[in-house]
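Engineer: This structure is in structure tokens; I'll ask about it shortly.
The values are calculated or read from the model by the stated rules, or taken from the named source; none is laboratory data. Keep in mind that this is a model prediction, so the values were computed, not measured. Don't worry about glycine lacking a Cβ; one is built from the backbone with ideal geometry, like all the others, and counts go over all protein chains shown.
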Amino acid sequence: MAVTTAALTISSSDLVGDALSLTTSNTLNKVGSTVGIDQTTGMSVVYLTATTNIDVFPTLIEGSLAFQDKASWVYICNKSTDATEFATITISGNVIGRLYGGDFLWMPWSQSEDSAAENLHGDIELAPSVATGMWFDWICVNEGTEYPDAA
Amino acid sequence: MATINATMSLSSDISEYGLSFSKTMQMNKAGSVDGLELTTGLARRSITNTNHVDLLTAGAGIAVDVTASKSAKVYIKNVGTDATTYINVGFGNASTSGTATVNDNDATFFELGRLYGGNWMLIPWIATSTTGDITIQASVATTAAPQNIEYMVFFE
């Protein structure tokens with residue numbers, strides 16, 4: 001089985017009175033087990049030139065329950081060097097937050113299907129703030145992916 | 001202003017082609033190179049039941065100044081060691097009961113993902129008025145055997 005380790009260090013010497021240093025690390029396992037996650041989309045390197053809201057993982061089937069509540073981890077990074085350029089991150093159109101230039105996020109993803117039939121079933125979406133071109137990196141490390149049949 | 005650096009590293013043998021990266025971000029104010037300067041500090045919460053409740057409430061407490069035009073980052077970790085129990089993290093209105101608010105598309109509640117023992121997450125947060133609350137629900141938890149989480153918000 002694969003061993004995937006995600007680690008984080010948060011540090012600041014001047015945020016609070018004493019130096020702040022937080023370090024954590026964990027191994028990414030399949031749901032409810034100590035067996036490592038063994039699939040990934042790979043790291044995508046993406047250049048977007050429109051402010052259109054897009055699906056970050058278009059190969060995942062909308063409405064599929066195959067991997068709902070399985071272990072999926074998502075990393076998204078806005079590689080813009082312009083601090084004013086941001087991307088709005090949503091799930092099914094509901095806003096999580098904004099990634100400004102240089103920001104990243106790391107979060108679990110349930111791919112949870114909602115009860116509204118017209119909804120997009122937990123899709124992670126991203127909308128750049130400008131159409132002049134923005135670079136992004138993203139990856140999903142997950143327990144499984146159901147790919148759509150060829151048209 | 002303060003300088004806050006967050007460095008994430010991921011390493012894996014999941015692919016024969018290798019998978020490893022490290023990225024550092026400086027936590028800055030929205031649209032600025034000035035650092036965030038406020039924090040909740042590292043908080044710890046012991047969860048002793050399976051009710052669906054707010055962890056962070058938009059427009060209240062520390063989030064009263066967090067808006068779409070400002071920057072905030074939220075760190076949450078399940079500090080347990082049990083690989084079979086988890087905290088379900090979501091956005092929206094908590095039911096406050098053992099049955100979570102319905103995961104629908106009317107901007108009431110949506111589920112993000114699960115934090116099993118040892119798992120952590122770091123996300124941006126704009127605390128919108130509709131789905132801005134960050135909610136939690138333990139898979140199992142009792143007074144005798146609580147699940148514990150730690151969390152920290154950095155904001156402007």
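Engineer: Taking residue B:72 and the conditions (1) under 22 Å from residue A:122 (Cα atoms); (2) in contact with a helix residue (DSSP H, G or I) (Cβ under 9 Å, 6 or more places away or on another chain), which numbered condition does it fall short on, given that it satisfies the others?
Structural biologist: Failed condition: (1).
Engineer: Let me ask you something else. When you scan region A:89-96, do you find a residue that is modelled with pLDDT of 95 or more and not β-branched (Val, Ile, Thr), even just one?
Structural biologist: no
Engineer: Same structure, new question: Kindly check whether there is at least one residue in region B:62-74 that is more than 20 Å from residue B:151 (Cα to Cα), among the aliphatic types (A, V, I, L, M) and in contact (Cβ under 8 Å) with a residue 60 or more places away in the chain. Even if it seems obvious, please write down each step before you answer.
Structural biologist: Pass one, region B:62-74, residues more than 20 Å from residue B:151 (Cα to Cα): B:68-69.
Okay, now just the ones that are also among the aliphatic types (A, V, I, L, M), so B:68.
When the remaining residues are screened for being in contact (Cβ under 8 Å) with a residue 60 or more places away in the chain, the result is B:68.
Yes.
Engineer: Still on this structure, I have one more. Scan region A:126-148 residue by residue and report those that are surrounded by fewer than 20 Cβ atoms within 10 Å (Cβ to Cβ), charged (D, E, K, R) and modelled with pLDDT of 80 or more.
Structural biologist: Of everything in region A:126-148, just one residue is surrounded by fewer than 20 Cβ atoms within 10 Å (Cβ to Cβ), charged (D, E, K, R) and modelled with pLDDT of 80 or more, namely A:137.
Engineer: What residue, among those in region B:1-48 that are among the β-branched types (Val, Ile, Thr) and crowded, with 17+ Cβ neighbours inside 10 Å, is farthest from the chain's Cα centre (by Cα)?
Structural biologist: Filtering region B:1-48 down to residues among the β-branched types (Val, Ile, Thr) leaves B:3-4, B:7, B:14, B:24, B:33, B:39-40, B:47-48.
Next, from what is left, pick out any that are crowded, with 17+ Cβ neighbours inside 10 Å: B:4, B:14, B:39, B:47.
Working: B:4: 18, B:14: 26, B:39: 14, B:47: 15 Å.
Only one residue fits best here, namely B:14.
Engineer: While we're looking at this one, here's another question. Tell me which residues, restricted to region A:12-21, are in a strand (DSSP E or B) and either facing chain B (nearest Cβ under 7 Å) or exposed (fewer than 15 other Cβ atoms within 10 Å of the Cβ) (or both). If you could, list the steps in order and put the result at the bottom.
Structural biologist: So in region A:12-21, the residues in a strand (DSSP E or B) come out as A:12, A:20-21.
Passing the criteria: A:12, A:21.
Engineer: Looking only at region B:122-140, decide whether some residue is over 17 Å from residue A:98 (Cβ atoms), touching a residue at least 12 places away in the same chain (Cβ under 8 Å), among the aromatic types (Phe, Trp, Tyr) and surrounded by 23 or more Cβ atoms within 10 Å (Cβ to Cβ).
Structural biologist: Of region B:122-140, the ones over 17 Å from residue A:98 (Cβ atoms) are B:133, B:135-140.
With touching a residue at least 12 places away in the same chain (Cβ under 8 Å) added as a condition, the list becomes B:133, B:135-140.
Adding the requirement that they be among the aromatic types (Phe, Trp, Tyr) leaves none.
Within region B:122-140, none of the residues are over 17 Å from residue A:98 (Cβ atoms), touching a residue at least 12 places away in the same chain (Cβ under 8 Å), among the aromatic types (Phe, Trp, Tyr) and surrounded by 23 or more Cβ atoms within 10 Å (Cβ to Cβ).
Engineer: So, in region B:63-76, exactly how many residues are more than 15 Å from residue B:124 (Cα to Cα) and either in contact with a Pro (Cβ under 6 Å, 6 or more places away or on another chain) or buried (at least 17 other Cβ atoms within 10 Å of the Cβ) (or both)? Step through it out loud before you land on a result.
Structural biologist: Pass one, region B:63-76, residues more than 15 Å from residue B:124 (Cα to Cα): B:64.
Narrowing the set further to residues that are either in contact with a Pro (Cβ under 6 Å, 6 or more places away or on another chain) or buried (at least 17 other Cβ atoms within 10 Å of the Cβ) (or both) leaves none.
Of the residues in region B:63-76, 0 are more than 15 Å from residue B:124 (Cα to Cα) and either in contact with a Pro (Cβ under 6 Å, 6 or more places away or on another chain) or buried (at least 17 other Cβ atoms within 10 Å of the Cβ) (or both).
Engineer: Follow-up. Enumerate the strands (runs of 3 or more DSSP E) found wholly within region A:78-117, keeping only those where 2 or more residues are farther than 18 Å from residue B:123 by Cβ and free of Cβ contacts under 8 Å to residues at least 40 places away in the same chain. Please lay out each step first, then the result.
Structural biologist: On the way: elements: A:86-91, A:94-100, A:104-108.
Because the criterion is at least 2 residues that are farther than 18 Å from residue B:123 by Cβ and free of Cβ contacts under 8 Å to residues at least 40 places away in the same chain, no strands (runs of 3 or more DSSP E) in region A:78-117 meet it.
Engineer: So, restricting to strands (runs of 3 or more DSSP E) that lie completely within region B:1-60, which ones have at least 3 residues that are hydroxyl-bearing (Ser, Thr, Tyr) and at the interface with chain A (Cβ under 8 Å from one of its Cβ atoms)? So that I can check it myself, show each step before the final result.
Structural biologist: Numbers: elements: B:4-12, B:19-26, B:43-47, B:53-56.
It comes to B:4-12.
Engineer: Of these, A:41, A:9, which one is touching a Cys at 6+ places or on another chain (Cβ under 6 Å) and either at the interface with chain B (Cβ under 7 Å from one of its Cβ atoms) or modelled with pLDDT under 95 (or both)?
Structural biologist: On the way: A:9 fails: touching a Cys at 6+ places or on another chain (Cβ under 6 Å).
Only one candidate qualifies: A:41.
Engineer: Within 23 Å of residue B:31 (Cβ to Cβ) and either facing chain B (nearest Cβ under 7 Å) or of a type in the set (Asp, Glu) (or both): which single residue out of A:32, A:102 fits that description? Walk me through it before giving the result.
Structural biologist: Details: A:32 fails: within 23 Å of residue B:31 (Cβ to Cβ).
None of the others qualify; the one that does is A:102.
Engineer: Please find, within region B:90-111, the residue that is farthest from residue B:70 (Cα to Cα) out of those that are at the interface with another protein chain (Cβ under 7 Å from one of its Cβ atoms) and in contact (Cβ under 8 Å) with a residue 24 or more places away in the chain.
Structural biologist: Among those that are at the interface with another protein chain (Cβ under 7 Å from one of its Cβ atoms) and in contact (Cβ under 8 Å) with a residue 24 or more places away in the chain, it is B:107.
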